[in-house]
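Every number in this text was worked out from the coordinates using simple rules, so none of it is lab data. The structure displayed is predicted, hence computed values, not measured ones. Note: ideal-geometry Cβ built from the backbone for every residue, glycine included; neighbour counts use all protein chains shown.
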Amino acid sequence: MTAPLLQVKNLVKQFPIRGGLLQRVVDRVHAVDDVSFDLGASETLGVVGESGCGKSTTGRCILRLIEPTSGQVHFDGKDVSGASKAELRALARDMQIIFQDPFASLNPRMTVASIIGEALTIHKLAPTRAEYDARIVELLETVGLSADHMRRYPHEFSGGQRQRIGIARALAVKPRLVVCDEAVSALDVSIQAQVINLLEDLQEQLGLTYIFIAHDLSVVEHISDRVAVMYLGRIVEIAPAKDLYSHPRHPYTEALLSAVPIPDPTVKRERIRLQGDVPSPIRPPPGCHFHTRCPIAQKGLCDVQRPELKTVAEGHQVSCHLRS
């Protein structure tokens, strides 16, 4: 078997909460709590879960846009978590991100050519002006825009077009891994489909590897090879997409999938309604984080002992004491 392109081991991120006259640390937000997974080359890992579960923080910690508290990240055998600034700049050519909000992620004072070409200048990938312009035109056409757009500003484009510019910017340095951080959630449904199809075409053409973070489980099912389900900073289930959607093992995954609309009105699905609210990540519950809302939780076990991710089928892991 070939070695995975990306390895994440025991990743933890805690944000300090400061208070008092001296602004001492009085508590911590447990945003990412011991996350581990591997990702193969040209594979797409979907990451789903409720708002605040740590999906985006995990993606940004992998790229070191946010400094992790602890844990290890290895990309193609290179240690990302311990890399210096100079090493990180070199690694940035291989690892890029597409941000959620196409209206906030583009500098309104820069032209499209400047936005896309900034990375070309930083990494010295276009020595001459002719090569610089040719590469920008090539990138624009790759994402479905035209050469005429390069002298315009972000406010002159629609949301879908802006996201295409963001994709072109990410592709400028020819990365191998792209983190898609809610890349389609701010777009209309029809535009979402166009962008998803574009991402799939680009993956096939360029051999890209994706971490696809999203709320919409139907979108994730369409684009992902494997899916990781997160709850309160932890991965509770990870499996091949078809297996997870047809045979979910964790009670939280079952509840999420029960809320996905089915386009066929003749098909009825029982809705699983979870009780209570998501606990605070400042003081997460002991044991299994999900036990306060779980319909099958057992006292003395789930509220005391933390479940580890265990293999229940080929490629299928679940973090639950009561499921196998």
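A compact table of results
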item	result
Exclusive hit being in contact with a helix residue (DSSP H, G or I) (Cβ under 6 Å, 6 or more places away or on another chain) and either closer than 19 Å to ASP181 by Cα or surrounded by fewer than 21 Cβ atoms within 10 Å (Cβ to Cβ) (or both), set VAL219, VAL267, VAL227	VAL227
Meets criteria (exposed (fewer than 15 other Cβ atoms within 10 Å of the Cβ), closer than 30 Å to LEU120 by Cβ, among the aliphatic types (A, V, I, L, M) and touching a residue at least 24 places away in the same chain (Cβ under 8 Å)) for LEU88	yes
Filtered residue count, region 94-127, keeping only those that are within 23 Å of the chain's Cα centre (by Cα) and exposed (fewer than 15 other Cβ atoms within 10 Å of the Cβ)	3
Scope region 203-258; condition hydroxyl-bearing (Ser, Thr, Tyr), in contact with an Asp or Glu (Cβ under 9 Å, 6 or more places away or on another chain) and farther than 19 Å from GLY59 by Cα; matching residues	TYR245, TYR252, THR253, SER258
Unmet criterion (only one of (1) under 30 Å from VAL260 (Cβ atoms); (2) touching a Leu at 6+ places or on another chain (Cβ under 6 Å); (3) part of a strand (DSSP E or B); (4) not acidic (Asp, Glu)) for VAL47	(2)
Test: GLU50 is of a type in the set (D, E, K, R) and under 24 Å from LEU208 (Cβ atoms)	no
Number of the exception - ARG18 against (1) more than 26 Å from GLU254 (Cα to Cα); (2) in contact with a helix residue (DSSP H, G or I) (Cβ under 7 Å, 6 or more places away or on another chain)	(2)
Hey, ALA41 touching a residue at least 60 places away in the same chain (Cβ under 8 Å), touching a strand residue (DSSP E or B) at 6+ places or on another chain (Cβ under 9 Å) and not acidic (Asp, Glu) or not	yes
Members of region 141-160 that are under 17 Å from SER105 (Cβ atoms), in contact with a Ser or Thr (Cβ under 8 Å, 6 or more places away or on another chain) and not hydroxyl-bearing (Ser, Thr, Tyr)	ARG152
Residue that is farthest from the chain's Cα centre (by Cα), among those in region 234-264 that are among the β-branched types (Val, Ile, Thr) and buried (at least 18 other Cβ atoms within 10 Å of the Cβ)	THR253
In region 137-175, the residues that are more than 18 Å from ILE191 (Cβ to Cβ), more than 26 Å from the chain's Cα centre (by Cα) and surrounded by 14 or more Cβ atoms within 10 Å (Cβ to Cβ)	VAL137, ALA147, MET150, ARG152, TYR153
1 or more residues free of Cβ contacts under 8 Å to residues at least 40 places away in the same chain and touching a Leu at 6+ places or on another chain (Cβ under 7 Å): qualifying helices (runs of 4 or more DSSP H) within region 205-276	241-246, 251-258
